[in-house]
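Asks: Following this message is one structure expressed as structure tokens.
Just so it is clear, none of the values below were taken in a lab; they were calculated from the coordinates. None of these values were measured; they are calculated from a predicted model.
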């Protein structure tokens, strides 16, 4: 079976979770295409809504398992097929998800050369904002994750994630069409596209996020 996660990083993520996460939940790791994906999507941090963070889950522990919004967005972008999202994901309550469906979703992401991760892997009980210091504690491992996977381009969601990743204060509203920043990791430059956060309190911005991602993908990536 094709590897979908950078398992070499998990021990460090588990250690950080003990410091910053909820002790009753598990860390959530990045997943998808781990070898030079066309796109790496970086979100904020997982919450208890992700059922793979719970102790009794035995499958892949990866972003957004047990939720719907991001999978609907990826379906609208043509990244995840109707056969999974429309006929399975949207009909399920969080507790009805199983390890097989999670594996199927991330296998299809990998086939479409997409990798999804959170800048912080420490699962929280709810969606309250984390302080910058917590995200900054994850930057060394986040950069290592980028260096290991070597994505062709990175889409960072939200002002906080984008600013911390780029080490400067930015507003995603300043970036239109295919405007991007660059970060140096190791001896390589990576394109970073700051983009509106599309879920939770940022749900109202999903159309803007979709439009920008479509533009990026159509022009440069897939």
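Asks: Return P(r) of segment 111-158 (all Cα-Cα pairs; 10 Å bins starting at 0; whole %; ordered from short to long distances).
Replies: For segment 111-158, the binned pair fractions read 20, 52, 25, 3 percent.
Asks: Would you mind telling me the antiparallel percentage of the DSSP bridges in segment 1-155, rounded to 5? Could the numbers behind the result be given before it?
Replies: Working: 2 of 11 bridges.
Of all bridge pairs located within segment 1-155, approximately 20 percent are antiparallel.
Asks: Take the Cα pairs of the chain, get the Kirkwood Rh, then feed it into Stokes-Einstein at 4 °C and 1.567 mPa s and tell me D in µm²/s.
Replies: 75 µm²/s
Asks: Using alpha-carbon positions, what is the distance between the centroids of segment 28-68 and segment 132-171, in Å?
Replies: 16 Å
Asks: Counting only DSSP beta bridges with both residues in segment 75-222, what percent are antiparallel, rounded to the nearest 5?
Replies: Rounded to the nearest five, the antiparallel share is 50 percent.
Asks: Please report the Cα spread of segment 65-153 along all three principal axes, rounded to whole Å, starting with the longest.
Replies: Projected onto its principal axes, the Cα set of segment 65-153 covers 40, 32, 22 Å.
Asks: Compute the Cα gyration tensor for segment 12-124, then decide on rounded, prolate or oblate, letting a ≥ b ≥ c be the square roots of its eigenvalues: rounded whenever a/c is under 1.5, prolate when a/b is larger than b/c in the other cases, and oblate in all that remain.
Replies: oblate
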